[in-house]
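The values are calculated or read from the model by the stated rules, or taken from the named source; none is laboratory data. What you are looking at is a predicted structure, and each value in this text was computed from that prediction instead of being measured. When we count neighbours, we look across all protein chains shown, and the Cβ atoms used for this are built from the backbone with ideal geometry, even at glycine.
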Amino acid sequence: MPDIDQAIEALGRGEIIVITGDRLRGGDIDFALAARHATAEALNFMANHGRGLICLAMRPERAVRLGISLINPGADRQSGRPFGRSIEAREGVGTGISAADRAQTVRVAASPDASGDDLVSPGHIFPLIGAPGGVRERAAAAEAAIELCSLAGAGDMAVICSIMRDDGEMARIDDLDAFIARHRMPVADIDVLLDRLR
């Protein structure tokens, strides 16, 4: 059952939560983690159990500071997904794809004093640049994760990963009842978050 308060507290402790209610993706659900708490173990968990693309959600002003721009900023052939160019930490990584390397890239990017000089491209972390108006403007997992991390006092960047079922289809929350209970994982629903913000 979604519980915003439990989800916020968990993010503050560096735990992974589930986000539901993304209006732009037909009910897809995501894992989310505060970027400042990224570890090899956490990213490995997301890769194993989420199986989707591991992305780093950030506000537009943070993307500017890191020198990350939208891949397709115009209206031509637009998917509506706000991907920035992929990134890698300039230092402290090997091939870049291991869970430890991706966690390093996330931590470097999430550092308060990070700049574009700390990153190289292309890489194995995929930035998502949130809408300027946040989750109120775009009711999607990236913006919701950023807002939830801020409410938790856990920074303004989040790692998210969409969740697939074992058969390769996108999971729905009912598919994860046993998994969520086993891992005692809080669930945050975007509509409930929007009600809280109002």
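Output yes when any residue across segment 100-117 is over 23 Å from Ala144 (Cβ atoms), touching a Lys or Arg at 6+ places or on another chain (Cβ under 6 Å) and polar (S, T, N, Q), and no when none is. There is no residue in segment 100-117 that is over 23 Å from Ala144 (Cβ atoms), touching a Lys or Arg at 6+ places or on another chain (Cβ under 6 Å) and polar (S, T, N, Q). Reported count of residues in segment 78-95, each being more than 23 Å from Arg138 (Cα to Cα), over 18 Å from the mean Cα position of the chain (by Cα) and of a type in the set (Gly, Ala, Ser), is 2.
Gly153 meets each of the listed conditions (1) in contact (Cβ under 8 Å) with a residue 60 or more places away in the chain; (2) small (Gly, Ala, Ser); (3) buried (at least 17 other Cβ atoms within 10 Å of the Cβ) apart from (3). Within segment 53-68, the residues that satisfy the criterion of being surrounded by fewer than 19 Cβ atoms within 10 Å (Cβ to Cβ) and in contact (Cβ under 8 Å) with a residue 60 or more places away in the chain are Leu53, Pro60. Here Met164 does not fit the description of being within 12 Å of Ile19 (Cα to Cα), at pLDDT 95 or above and surrounded by 16 or more Cβ atoms within 10 Å (Cβ to Cβ).
Listed here are the residues, each with its yes/no results for (1) in contact with an Asp or Glu (Cβ under 6 Å, 6 or more places away or on another chain); (2) at pLDDT below 95.
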| site | (1), (2) |
| --- | --- |
| Val93 | yes, no |
| Ser98 | no, no |
| Gly134 | yes, no |
| Asp177 | no, yes |
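Filtering Ala63, Ala114, Ala57 for residues that are part of a helix (DSSP H, G or I) and among the aliphatic types (A, V, I, L, M) leaves a single hit, Ala63. Filtered by the rule that a residue be among the polar types (S, T, N, Q) and either within 22 Å of Leu33 (Cβ to Cβ) or touching a residue at least 40 places away in the same chain (Cβ under 8 Å) (or both), segment 70-93 gives a lone residue, Ser86.
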